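In what follows, a structure is listed as structure tokens, so that the remarks can point back to it.
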């Protein structure tokens, strides 16, 4: 490949940023009842397609908390925006609600 045909890292990153921006625009423009492709949902959730597929498999095996609900039409997978938002809301946890897993409490503050 000649030097003029080689893609630089900067070119690749610029293209990746453009694609990501387009995916977020698709999310922002979609009504709540829109059926979205996995690429859009993955971008919003910060997950790659393989991770979303693994969540779908876990969900099919009965783990309802694994990933947002999805629709399969033939070999296509779609996610309803409203379901993705509900999934995100269900994942929200307050700091007080998180288990400590036996971790020790932080030491009390020392007054100066």
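Values quoted throughout were computed directly from the atomic coordinates according to the rules given, and no laboratory measurement underlies them. On a predicted model such as this, the values are computed, not experimentally measured, just so you know. Here the Cβ positions follow ideal geometry from the backbone for every residue, glycine too, while neighbour counts run over all protein chains shown.
Observations, loosely collected:
- By the count of neighbouring beta-carbon atoms within 10 Å, fewest first, 27, 12 end up ordered 12, 27.
- With a simple spin-label model that places each label point 7 Å from the Cα along the Cα-to-Cβ direction, the separation between residue 53 and residue 8 comes to 3.4 nm.
- With the simple model of a label 7 Å out from the Cα in the direction of the Cβ, residue 60 to residue 88 spans 2.6 nm.
- Exposure proxy ranking, count of Cβ atoms within 10 Å, fewest first, for 40, 77, 19: 19, 77, 40
- Residue list for segment 49-85, given a label point 7 angstrom along the Cα-to-Cβ vector of residue 19 and an amide N cut-off under 15 Å: 49-51
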